[in-house]
Amino acid sequence: MTPLVPYAGFTAAQAAYIRRAQSAWLNVAEGGKRAGKNIINLVAWASVLETHPDRLHLAAGVSQSSAKMNIVDSDGFGLQWLFAGRCRAGQYNGRDALILQTKTGEKAVIIAGGGDSRSASLIKGHSYATAYITEVNECHKTFVQEVVDRTLASSKRQIFFDLNPKPPAHWFYSEFLDYQDALRAQGRNPGYNYGHFTIADNLSIPKDKLIAELTKYDRSSIWFQRDILGRRTSASGRIYTSYDYRDVAVTPQQIREMDFAELSVGIDVGGTDATVATLTGVTRGYDKVVHIDGLYHKQGIDHRMDEQQYIRMIVEWLIPWTKIYPRIGAIYVDSANKLFIQGLRLALDRRGLHRFVVRGFDKSDGILERIELSCMLFAQGRYKISTALQKWHEAYQMAVWSDKEYEKGDWVRVDDGSYPVDCLDSAEYSMYNFKRFLIR
């Protein structure tokens, strides 16, 4: 007989949130990553769906696939598992849906994506009894507003949101949640159920392991404040607060003594901005990231280099390094510059360097994810940069958050020519694809 798999229980705060959700009209689970917000909302919503008198409901995320992954499946805790044996995938008026058999009859849960301004039009024409939007502040404002409006006719209106924090100026706070908080403070919003959770509320993670993992973070970083403590952090000051030249800088002689398991090149192509290439090695065991060498060129007013000239410059810089490190194999270029990618591939082939794979860098994770990886490596003492790369050292030392972009509700690096920010892009392109091996 297969033994039962033990599951971690809920904390008192999580259990209280679930109980309040049975009667609340608005349920918001906010906080750090891996805090169990999604699971808490799923358990609460499933119990509401079981007895709700109305038939039509909505599950949504920034994309339909995100909604299916986080709400329908959710690593074995989604609706299809909570209603196992009583649900099936189907259609409702041409829309993907999950059909549930509940104590109060059949329910249709439409599955939708809300990532852009057109998404709102795809859910019009229906009134929804309840709705759950996962990662709500990643969805488009008009979509979220439409979902809220579409539940007005419900016989028992109940909305569920989960979210990781954004800056306090983000529209979801300034135009929606702040108002709900103000009403509650006045005693005028009794049906508003808010819960703040962190990874410390996740009882599936042993305490000793959690403590060991948290020691690897820079506690002064926005990354730690946002993802671990779950705070709506303001963007101000230096980005790479753990960068210290004395700890990061390594000499070419020290680099020659290192044993690299992986090597790759990242290229950020500039027009009037700098064009930068970075050669990066990752040591055995994926212990350290080392920027070995780089090429930096910023055009002057009187000298205009075209892409073909830059391609030739990069190839000539790269060839000597292929003799020192024959295993260099991948080159990642800003994905927006497709013609440069094709031109570089042809130029390398003409020089007999057929082994190189030249591809566009995938930016789908976003710049903040790349910044967070660098911050983690600096905090752990695992990020090294050659003393020959002074422009790169300058960039990491001087990079700051943009107050202007923060006012719009996002964290973005200042890019005004005050420091060589292109070095950061190039360095990230060269090492980010090793992320899954580097995180520890």
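The condition (being at pLDDT below 95 and more than 18 Å from residue 133 (Cβ to Cβ)) is satisfied by just one residue among 89, 8, 15: 8. Taking the criterion of being under 18 Å from residue 438 (Cα atoms) and surrounded by fewer than 24 Cβ atoms within 10 Å (Cβ to Cβ), the residues of region 254-275 that qualify are 258, 259, 260, 261, 262, 263, 264.
Screening region 52-73 for residues that are in contact with a helix residue (DSSP H, G or I) (Cβ under 8 Å, 6 or more places away or on another chain) and small (Gly, Ala, Ser) and picking the one that is nearest to residue 158 (Cα to Cα) gives 59.
Set side by side, the residues 60, 35 differ, and just one is under 28 Å from residue 190 (Cα atoms), in the same structural domain as residue 159 (by TED's automatic domain parsing), under 26 Å from the mean Cα position of the chain (by Cα) and assigned to a loop (DSSP other than H, G, I, E, B), which is 35.
Take the conditions basic (Lys, Arg) and closer than 15 Å to residue 58 by Cα and apply them to residue 86. Does it pass? No: the conditions fail for residue 86.
Among residues that are at pLDDT 95 or above, within 25 Å of residue 194 (Cα to Cα) and crowded, with 17+ Cβ neighbours inside 10 Å, residue 66 is included. Here 278, 251, 241 are screened, and the one residue that is of a type in the set (Val, Ile, Thr) and loosely packed, with under 12 Cβ neighbours inside 10 Å is 251. Identification of helices (runs of 4 or more DSSP H) wholly contained in region 136-235 with 2 or more residues that are surrounded by 13 or more Cβ atoms within 10 Å (Cβ to Cβ) and among the basic types (Lys, Arg) yields 141-150. Going residue by residue through region 70-91, is there one that turns out to be assigned to a loop (DSSP other than H, G, I, E, B) and charged (D, E, K, R)? Within region 70-91, one or more residues are assigned to a loop (DSSP other than H, G, I, E, B) and charged (D, E, K, R). Only one of the numbered conditions (1) out of contact with any Phe, Trp or Tyr (no Cβ under 9 Å at 6 or more places or on another chain); (2) exposed (fewer than 15 other Cβ atoms within 10 Å of the Cβ); (3) farther than 30 Å from residue 232 by Cβ is violated by residue 388, and that is (2). If you go through region 102-129 and keep only what is in contact with a Phe, Trp or Tyr (Cβ under 7 Å, 6 or more places away or on another chain) and farther than 17 Å from residue 68 by Cβ, you end up with just 120. Looking only at residues of region 313-355 that are part of a loop (DSSP other than H, G, I, E, B) and in contact (Cβ under 8 Å) with a residue 40 or more places away in the chain, we find that the one that is farthest from residue 290 (Cα to Cα) is 337.
Identify, by number, the condition in (1) farther than 19 Å from residue 290 by Cα; (2) under 21 Å from the mean Cα position of the chain (by Cα); (3) not hydroxyl-bearing (Ser, Thr, Tyr) that residue 427 doesn't meet. (1) is the only condition that residue 427 fails. Give region 142-159 a look and list any residue that's closer than 15 Å to residue 114 by Cα and under 28 Å from the mean Cα position of the chain (by Cα), or say none. If the condition is that a residue be closer than 15 Å to residue 114 by Cα and under 28 Å from the mean Cα position of the chain (by Cα), then 142, 143, 144, 145, 146, 147, 148 are the ones that fit. Filtering region 359-371 for residues that are farther than 28 Å from residue 258 by Cα and polar (S, T, N, Q) leaves a non-empty set.
Within region 88-114, the residues that satisfy the criterion of being under 31 Å from the mean Cα position of the chain (by Cα) and crowded, with 17+ Cβ neighbours inside 10 Å are 95, 96, 97, 98, 108, 109, 110, 111, 112, 113, 114.
The single condition from (1) closer than 21 Å to residue 399 by Cβ; (2) among the β-branched types (Val, Ile, Thr); (3) outside the structural domain of residue 359 (by TED's automatic domain parsing) that residue 228 fails is (1).
Selection of first residues in region 282-307 that are among the small types (Gly, Ala, Ser) and of second residues that are loosely packed, with under 15 Cβ neighbours inside 10 Å and at pLDDT 85 or above, restricted to Cβ pairs under 8 Å at least 6 apart or on distinct chains, gives the following pairs, ordered by first then second residue: 285/261. Please indicate, with yes or no, whether at least one residue in region 411-422 is under 19 Å from the mean Cα position of the chain (by Cα) and surrounded by 21 or more Cβ atoms within 10 Å (Cβ to Cβ). Among the residues of region 411-422, at least one is under 19 Å from the mean Cα position of the chain (by Cα) and surrounded by 21 or more Cβ atoms within 10 Å (Cβ to Cβ), which makes the answer yes. The residue of region 236-271 that is nearest to residue 362 (Cα to Cα), among those that are part of a strand (DSSP E or B) and small (Gly, Ala, Ser), is 266. Output the residue which, of all residues in region 343-373 that are closer than 29 Å to residue 254 by Cβ and touching an Asp or Glu at 6+ places or on another chain (Cβ under 7 Å), is surrounded by the most Cβ atoms within 10 Å (Cβ to Cβ). Among those that are closer than 29 Å to residue 254 by Cβ and touching an Asp or Glu at 6+ places or on another chain (Cβ under 7 Å), it is 361.
The values are calculated or read from the model by the stated rules, or taken from the named source; none is laboratory data. Please read these numbers as outputs of a predicted model, since none were measured by experiment. Neighbour counts run over all protein chains shown; Cβ positions are idealised from the backbone, glycine included.
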